[in-house]
1. Strands (runs of 3 or more DSSP E) wholly in segment 327-405 with at least 3 residues that are open to solvent by less than 10 Å² (accessible area, probe 1.4 Å) and within 30 Å of W225 (Cβ to Cβ) - which ones?
2. Enumerate the strands (runs of 3 or more DSSP E) found wholly within segment 232-309, keeping only those where 3 or more residues are closer than 21 Å to T330 by Cα.
3. Of the numbered conditions (1) free of Cβ contacts under 8 Å to residues at least 40 places away in the same chain; (2) within 11 Å of the ligand (Cβ to nearest atom); (3) in the same structural domain as P299 (by TED's automatic domain parsing), S232 fails exactly one; give the number of that condition.
4. Test G115 against the criterion of being modelled with pLDDT under 95, within 24 Å of the chain's Cα centre (by Cα) and either open to solvent by 30 Å² or more (accessible area, probe 1.4 Å) or closer than 27 Å to V284 by Cα (or both), and give yes or no.
5. Among the residues of segment 126-181, write down those that are of a type in the set (S, T, N, Q) and within 14 Å of the ligand (Cβ to nearest atom).
6. Taking the conditions exactly as written (in contact (Cβ under 8 Å) with a residue 40 or more places away in the chain, more than 27 Å from I294 (Cα to Cα) and within 12 Å of the ligand (Cβ to nearest atom)), does L205 satisfy them or not?
Amino acid sequence: MSFGTVLIANRGEIALRIIRACRQLGLKSVAICSKADQGASYLDAADHSVCIGGPTASESYMDGSAILMAAEATGADAIHPGYGFLSENADFAERVEAAGLVFIGPTAGAMRTMGDKIAAKAAMRASAVPCVPGTEGALSNDAEAMVAAAEAIGYPVIVKAAGGGGGRGMRVVRSVNELDVSVQATREEARRTFNNPEVYLEKFLEKPRHIEIQVLCDHHGNAVWLGERDCSVQRRHQKVIEEGPALGIPREAIGAVGERCVAACKAIGYRGAGTLEFLYEDGVFAFIEMNTRIQVEHPVTEALTGIDLVAEQIQIAQGNELSIHQSDITVSGHAIECRINAEHSLEGLPSPGTVVNWHSPGGPGVRVDTHVARGTTVPPYYDSLIAKVIATGRDRAEALSRMRGALAEMRVAGIEVNIALHQAILRDPAFVTGPATIHYLEKALAEKRFTVS
Ligand code: ADP
């Protein structure tokens with residue numbers, strides 16, 4: 001089956017990325033937008049664009065009915081959800097299929113299982129994927145059982161919402177005195193934010209790295225893994241810098257976990273692109289969750305493997321067999337991505353507004369994924385990510401040097417962006433020597449180690 005037209009249920013840089021993939025494949029693209037994004041220049045890259053509602057996400061990019069109406073009106077036969085918004089919403093995927101369209105992603109069933117972190121860990125354990133030690137099911141509300149569960153794991157523990165995401169719904173508990181309050185607070189937050197009050201406990205790892213494995217699976221039972229990304233540089237559990245290959249981890253260890261991921265995806269009948277996220281500490285990988293969509297940091301893998309992951313996603317959704325075999329996949333050189341956010345470098349506060357000057361860097365080994373140009377308005381309603389700079393080199397030193405050059409060349413005026421924060425990290429000997437743990441950035445900020453002008 002081949003699509004004629006793909007509607008992109010997203011905005012900004014990822015919408016433009018998907019428009020480009022459609023063009024590569026000879027498909028027409030429809031971009032949707034909210035009133036806040038109407039008139040944005042990136043929309044011109046699509047064959048059609050449709051304004052579907054008001055400025056807030058719930059009136060537009062989260063409004064499944066409005067999106068389906070736009071798909072019908074424009075004759076789209078498939079919907080690509082990008083990341084965020086409705087990309088991991090199994091109900092939406094079902095509605096898309098019920099309307100006779102193709103949802104470019106896994107089945108609603110696989111999304112439901114992986115969207116529930118308790119069910120996801122159970123599925124991974126069943127395929128012998130190593131998981132972070134913790135409660136095997138939802139945490140009981142019985143005070144004694146709770147205390148016993150935490151003691152069995154050993155403090156510190158982390159309370160996590162089964163339906164959590166975006167770095168929310170997590171609390172670290174260091175002793176039995178804090179347990180009850182933290183569990184109740186996480187439960188309440190989970191009920192309100194994720195509409196699912198289930199929580200579970202995990203061992204809180206003190207110095208792990210965040211290492212994730214990219215997979216691609218088709219409808220015919222084929223699955224491959226495409227190397228790893230180290231996403232340990234985080235702020236408030238949100239990724240800031242990602243790179244690959246991961247520094248200092250033996251290739252055999254990565255290979256073993258990659259093979260496990262492929263086996264697990266085959267066992268659950270997964271299809272599409274996906275990412276299995278692990279914490280890595282003292283030479284041990286431990287699964288935390290799976291994302292059933294394309295990720296912000298996918299260009300790192302594209303740079304290392306030369307494979308267009310978005311085009312692959314679309315071809316898989318068309319029912320094609322994977323064109324790549326595991327033996328075709330080679331990772332060469334080093335790649336690093338800096339997320340450019342419309343926010344103050346040190347405080348991290350959002351900075352919406354109109355971009356009055358914009359210059360994107362270039363040169364060998366530099367890729368910039370962005371929808372922004374001079375005159376673009378960055379609305380206050382959505383995520384603050386406005387661009388991704390990806391630098392590739394023969395080795396890490398060359399990739400870092402190219403990234404420093406790219407950031408020095410980049411010009412943004414009218415809004416605050418976090419370029420100075422990236423520059424401070426890139427000249428910090430602790431980061432350059434590496435490897436950073438997930439606490440590296442918060443610690444450096446708390447110690448006021450970075451001075452940015
Ligand atoms: P989300 O779905 O909100 O992204 P994750 O489960 O992927 O949540 O966790 C996000 C981040 O939180 C991880 O990358 C890591 O930095 C931290 N984290 C999660 N679980 C643990 C744990 N057991 N120990 C230490 N840090 C953790």
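1. Details: elements: 334-341, 357-359, 366-370, 385-393.
Because the criterion is at least 3 residues that are open to solvent by less than 10 Å² (accessible area, probe 1.4 Å) and within 30 Å of W225 (Cβ to Cβ), the strands (runs of 3 or more DSSP E) in segment 327-405 that meet it are 334-341, 385-393.
2. Numbers: elements: 238-244, 272-281, 284-291.
Passing ranges, in order: 238-244, 272-281.
3. (1)
4. Details: modelled with pLDDT under 95: yes; within 24 Å of the chain's Cα centre (by Cα): yes; either open to solvent by 30 Å² or more (accessible area, probe 1.4 Å) or closer than 27 Å to V284 by Cα (or both): yes.
The answer is yes for G115.
5. The first filter runs over segment 126-181 and keeps only residues of a type in the set (S, T, N, Q), leaving 127, 135, 140-141, 175, 177.
Residue satisfying the conditions is T135 alone.
6. Working: in contact (Cβ under 8 Å) with a residue 40 or more places away in the chain: yes; more than 27 Å from I294 (Cα to Cα): no; within 12 Å of the ligand (Cβ to nearest atom): yes.
Judged against the criteria, L205 is not a match.
The values are calculated or read from the model by the stated rules, or taken from the named source; none is laboratory data. Note that this is a predicted model, so its numbers are computed, not measured. Backbone-built Cβ (ideal geometry, glycine too); neighbour counts: all protein chains shown. These area figures cover heavy atoms from the full protein model, side chains too; ligands, DNA and RNA do not enter into them. Shrake-Rupley method; radii C 1.70, N 1.55, O 1.52, S 1.80 Å.
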